[in-house]
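Worksheet: the structure to be examined is printed underneath.
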Amino acid sequence: MAKREDYISWDEYFMGVSLLASMRSKDPNTQVGACIVNENKKIMSVGYNGFPLGCDDNCFPWERKGNSEYDTKYPYVCHAELNAILNNAGAPLNGCSIYVALFPCNECAKAIIQCGIKHVYYLSDKYKDTDGVRASKRMFDAAGVSYTQLSLSHKEITISFDETLV
C-alpha cells in the first residue's frame, strides 16, 4: 500500500494550529492565534488574543469604540503573538518561526524580535498601510527577521470529534 498523498504541509499544519488556537479567543470581532515552532519542527508554544490571567473577560470591555480608549478592548487585550511568547515554558526561542493569521502589530514585532524569533509566516496583511504594520516591517527588516505571506494549497482543513472516523 502506498502512503497517503493528500496530507497537509508543515506550513498548513502549523498555521492550522494557530487558527485552532484562535478559536479560544472570546473577542467578538477578531480572533487571532499564534504558533511558535523551532528549527526541528517542534511546537514551542501557542497563544491567542485575550485578556491577561486574572482579568475576568466579563468585567472588561470588548468594544472597538468607546467614550475613550479606556472603554475599549485595546488597552487590555494581549495579542496572540505576545501570549505565545509568554506561554513558552522557558526554552529559548532563538531561531524559531511564528505562524499567525494577521501580520503582527508593532508592539508584537518588538517582542518577536526581542525573544529571537527569526521568521514570521502570516496569511493576511490587511493592515499593511497602517503606521503600526509599516513600523513592524521596518523593525523586522532592521533586525533580520524575515516574513512570508503564505499561499496554502489546502484552503480548508476539517476537524471532527466523531470517534467513528478514527
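Read the figures in this text as sums done on the coordinates, not as results from a lab. These figures come from a predicted structure and were not determined experimentally. For neighbour counting, all protein chains shown are included, and Cβ atoms are generated from backbone atoms with ideal geometry for every residue, glycine included.
The figures follow:
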item: Axial C-alpha extent at least 15 Å, average Kyte-Doolittle at least -1.0 - helices from the chain (DSSP); result: 10-22, 131-143
item: Trypsin sites (Lys or Arg not before Pro) lying in DSSP loop within region 44-91, provided at most 11 other Cβ fall within 10 Å; result: 65
item: Stokes-Einstein translational diffusion, region 73-166 - Kirkwood Rh over all Cα pairs, 1.002 mPa s, 20 °C, in µm²/s; result: 145
item: Label point 7 Å beyond Cα of residue 4 along Cβ direction - residues of region 126-166 with amide nitrogen under 16 Å; result: 154-166
item: Per principal axis, descending, Cα span of region 49-117 in whole Å; result: 42, 24, 19
item: Amide H partners (placed H, <5 Å) of residue 147, local residues excluded; result: 120
item: Point-charge dipole on Cβ atoms (K/R +1, D/E -1) for the chain, about Cα centre, debye to 20; result: 400
item: Relative contact order %, region 64-146, counting alpha carbon pairs below 8 Å whose residues are six or more apart; result: 27
item: The chain - percent relative contact order, Cα under 8 Å, separation 6 or more; result: 19
item: Net charge dipole size for region 41-123 [Lys, Arg +1 and Asp, Glu -1 on Cβ; Debye, nearest 20]; result: 460
item: Cα convex hull of the chain, projected area averaged across orientations, nm²; result: 12.4
item: Residue among 154, 79, 119 with the largest mean-square fluctuation in a Gaussian network model of the chain, springs linking Cα atoms under 10 Å; result: 154
item: Among 97, 68, 25: highest mean-square fluctuation, GNM of the chain, C-alpha pairs under 10 Å; result: 68
item: Whole-Hz couplings from phi, Karplus 6.51/-1.76/1.60, listed for region 29-39; x for Gly and Pro; result: 10, 9, 10, 10, x, 9, 9, 9, 10, 8, 5
item: Shape category assigned to region 122-166 from the gyration tensor of Cα positions, a/c cut at 1.5; result: prolate
item: Helix-only mean residue ellipticity at 222 nm for the chain, each DSSP H run of n ≥ 4 adding -39500 (n - 2.57), per residue, nearest 500; result: -8000 deg cm²/dmol
item: Exposed-site-free run, longest, the chain (rule: GluC sites (Glu not before Pro); DSSP loop; at most 13 other C-beta within 10 Å); result: 64-155
